[in-house]
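A quick write-up on the structure given underneath.
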Amino acid sequence: MNAKSAADKVVEFVPAGSDTGVAINKVFLKETEKVKYRPSTIVKQMKAEGFAKFSMQQHTNLWQEKDAKNAKYQYGTQVEGAWYWYESWVSEVRRHCEAHAAEFKLAEQPA
């Protein structure tokens, strides 16, 4: 049987410019805005995660060392003259802090 109702799967091609095509594109191709972070927010977050000695200077040194503002890495974006970092950069900073925990964590006090 070749009826739509009898088929296990139905594939229907919809012209892109049709009303249905436009509606589908709104659902499937909807662009989402990435969450953006200011450098100070990232530093505060790392401090809250236990890296108390991680500072704005260390953050600046890290992004400069990794050339993180280079568009090819897609770590952030500039908006009206201010740089904002994406979650991918926050993860990179976290990895750096974890790899250098002895440098950024406060020494444990003996009981």
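The values are calculated or read from the model by the stated rules, or taken from the named source; none is laboratory data. Note that the structure is a prediction, hence the values are computed from the model and not measured. Positions of Cβ are backbone-derived with ideal geometry, glycine not excepted, and every protein chain shown enters the neighbour counts.
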For this session: Please name all residue pairs, on different chains or six or more residues apart, with Cβ atoms under 6 Å, provided the first residue is in segment 65-86 and is of a type in the set (Gly, Ala, Ser) and surrounded by 14 or more Cβ atoms within 10 Å (Cβ to Cβ) and the second residue is modelled with pLDDT of 95 or more and not in a strand (DSSP E or B).
Result: 68/75; 76/86; 76/89
Exercise. For residues in segment 45-64 being without any contact (Cβ under 8 Å) to a residue 12 or more places away in the chain and surrounded by 11 or more Cβ atoms within 10 Å (Cβ to Cβ), which is farthest from residue 105 (Cα to Cα)?
Worked result: 61
Exercise. Taking only pairs six or more apart or across chains, which ones have beta-carbon atoms under 6 Å, a first residue in segment 16-43 that is surrounded by 11 or more Cβ atoms within 10 Å (Cβ to Cβ), and a second residue that is at pLDDT 65 or above and in a loop (DSSP other than H, G, I, E, B)?
Worked result: 20/14; 21/14; 21/15; 34/86
